[in-house]
Amino acid sequence: MRAVFSLLMILGIAGVGISQTDVPKTQPLKIGPKPNLEIKAKPTQNNSLRMPSIIDMGKTPNLRDSLMSNNVQMLPDRELRQAGFDMDIDPKVGEREKGKGKEHYGDMYLGDVKTSSKFVGIVCRDHEYVDGDRVKIYANGEVIDPNILLTGSFKGVNLTLDKGFNRLDFEALNQGTSGPNTAQVDVYDEAGKLIYSNKWLLSTGSKASLIIVQD
């Protein structure tokens, strides 16, 4: 009897052990609050990537600052000079330009030139301030143009040359609005080559003379 009871106890303990190994252990599932999956338009300060700002958007950049900050002076201040500091101004220049000066420009001899051409072209223009200067042109004592208004462009006449000496005279008819009468005169041969060039300054009534020699 005692042996049967012992056997039943052994079988009971074994069954409990088997039942404990067959039944898995379970734990209760804990469900937390619903997560917030909304995307924020502006990330929080802790999650945003901090980048240094190169341009301060709070104020308008002044580009002149960078240009003026490196102002290099090649010379000390005491050695810098204003343009024209050593120029001597003639106080009578204004009077001469207005034709009110007392200085008189008399006759001028412009020199001579030789050519083998049968004729030449004689042109002149006001090489300074165009102010209405006018001249009369003579060839060997005869008038070949009674009144030429000098402008900034060349104008003149063609002259058939005599064998030997040919004298040209340019008479100043006025001094314009700012005397004296000023002009540049050029002479071209029959091939269109410049063979002579000169300038004159004349008072009213004075003459500039040029000799052309045909050889």
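The values are calculated or read from the model by the stated rules, or taken from the named source; none is laboratory data. Note that the coordinates shown come from a computational prediction; the quantities given were computed from them, not determined experimentally. Ideal geometry is used to build each Cβ from the backbone, glycine not excepted, and the neighbour counts take in all protein chains shown. Surface accessibility is based on the protein's heavy atoms, side chains included, excluding ligands, DNA and RNA. Shrake-Rupley method; radii C 1.70, N 1.55, O 1.52, S 1.80 Å.
Kindly list the residues of the stretch 172-196 that lie in the label zone of Asp112, defined by a backbone N under 19 Å from the point 7 Å along the Cα-to-C-beta vector.
Flagged as within label range: 187-189, 195-196.
From the C-alpha gyration tensor of the stretch 133-190, pull out the three semi-axes of the equivalent ellipsoid (sqrt of 5λ each), sorted largest to smallest, in whole Å.
Output for the stretch 133-190: semi-axes of 23, 13, 9 Å.
So how far apart, in nm, are the two label points at Glu142 and Phe119 if each is 7 Å from Cα heading toward Cβ?
Computed distance between label sites Glu142 and Phe119 equals 1.4 nm.
Using heavy-atom solvent-accessible surface (probe 1.4 Å) with all chains present, what is the largest-first order of Arg125, Arg167?
My answer, sorted largest first, is Arg167, Arg125.
Quickly rank 200-210, 133-143 as a protection proxy: mean count of other C-beta atoms within 10 Å, highest first. Mind dumping the intermediate values first?
Values: 200-210: 19.7, 133-143: 16.6.
So the peptides 200-210, 133-143, ranked by packing, come out 200-210, 133-143.
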